[in-house]
Amino acid sequence: MRPSFHPRLINGPFDDPGLFIPFQFQNRAVIFDLGDINRLASKDILKISHAFVSHTHMDHFIGFDRLLRLSLGRPKNLSLYGPPGFLENVEGKLAGYSWNLVDKYNYPLSLRLTEVHPQYTVCRHYRCRDRFKPVQDPVKQSFSGILHEEPAFKVSAAIFDHSIPCLGFSIRERFHVNIIKDGLKTLGLTPGPWLTEFKQALYRQADPASKFEAKFDRQKSAKHFSLGALAQKIARITPGQKISYITDVVYSQSNRKRIVALVKESDHLFIEAAFMEQDREIAERKHHLTTRQAGHLAGTAQVKQLTVFHFSPRYTGMEQQMRQEVTTAYESSFRQQVEIGLDG
Ligand SMILES: [Zn+2]
Ligand SMILES: [Zn+2]
């Protein structure tokens, strides 16, 4: 299976958090957290359509300025999501600059901000050509866990305790379309951007009888099919990919239960492990996880792959020991969970 999402941490485990998730064959990406993003190439930053910010501690939000800087003067709609107080935080950043020349840009950037509360969201829209003054009054909508949804995928969030509210995220593909290479060959087709259009048509649940044009060979050749007949020959549907991201959370009972619910059976979980198990008390005081706690959460949630990050700089040179503590806890909790499943 060729995955649709290709998540990667922007920085090393001791540096600022940020998970970049580009989409296969699309000039598009989403990002979880906006710490220092200078290591991300400009062309990658420009792929970002949606940025999800866990909380506005500086190490998770300082990259906002770079994202904004690169997006100015481009025909972009940027959607940003964050915890309670997020609108005020972003408005404060926008108020820190002079915007007297931005109405001259040919392409107006627009920002759509969503602030997430336990029961509702507050959305507000800002345009560069209006010098980032809000376009309308804030719009309140009920919130039941899904922050953003498109035919192909959705992003869910939950609010956790980090002495302040902190969001965790999960992106889930609706289903996965595997392309059968032999099918392509039989029909005389070659892969290309038309496959993205084909998949989008399946996600939209377009009428199987509708006509579909496959423009291949660098758009030089075209063949026509009914969508359903083409799907039968070249597509195999499997469960969608799920990627989750958890950071800056205290190991409380309420957090644990809700973290496991959000990240359950993810294909890949990215989770903070700021402290080693021997410093459990410091972790609790600072509202972070230890290595063992991170591994235990991942194993209990039966995630298939696990990556830890956000190590405290006090452990510089001890990366291997930290990863070992995580792996041991993950494997034993995973096994226990499987045994419970077999018993039950
Ligand atoms: Zn924090
Ligand atoms: Zn942090």
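The values are calculated or read from the model by the stated rules, or taken from the named source; none is laboratory data. In this text the structure is predicted, and so the values were computed from the model without any measurement. Every residue, glycine among them, receives a Cβ derived from its backbone with ideal geometry; neighbour counts consider all protein chains shown.
Worth pointing out:
- Residues satisfying the criterion are absent from segment 124-132 (criterion: surrounded by fewer than 15 Cβ atoms within 10 Å (Cβ to Cβ) and touching a residue at least 40 places away in the same chain (Cβ under 8 Å)).
- Criterion applied to Leu306, Leu269 was being more than 16 Å from ligand 2 (Cβ to nearest atom), at pLDDT 95 or above, more than 25 Å from Met58 (Cβ to Cβ) and under 17 Å from the mean Cα position of the chain (by Cα), and the one residue passing it is Leu306.
- Those residues of segment 1-50 which are in contact with a helix residue (DSSP H, G or I) (Cβ under 9 Å, 6 or more places away or on another chain), small (Gly, Ala, Ser) and more than 16 Å from ligand 2 (Cβ to nearest atom), in sequence order: Ser4, Ala29, Ser42
- Selection within segment 1-32 - of a type in the set (Val, Ile, Thr) and touching a residue at least 40 places away in the same chain (Cβ under 8 Å): Ile21, Val30
- Screening segment 150-255 for strands (runs of 3 or more DSSP E) wholly inside it with 2 or more residues that are under 30 Å from Arg292 (Cα atoms) returns the ranges 153-161, 165-173, 242-246.
- Matching entry among Glu173, Glu213 (being acidic (Asp, Glu), away from ligand 2 (no atom under 16 Å from the Cβ) and more than 21 Å from Arg2 (Cβ to Cβ)): Glu213
- Every residue from segment 137-149 that is part of a loop (DSSP other than H, G, I, E, B) and either in contact with a Phe, Trp or Tyr (Cβ under 7 Å, 6 or more places away or on another chain) or closer than 14 Å to His117 by Cα (or both): Pro138, Phe143, Ser144, Gly145
- All positions within segment 65-103 that are within 15 Å of ligand 1 (Cβ to nearest atom) and part of a helix (DSSP H, G or I): Phe86, Asn89
- When we screen Arg74, Arg8 for residues that are closer than 28 Å to Met322 by Cβ and surrounded by fewer than 21 Cβ atoms within 10 Å (Cβ to Cβ), the only hit is Arg8.
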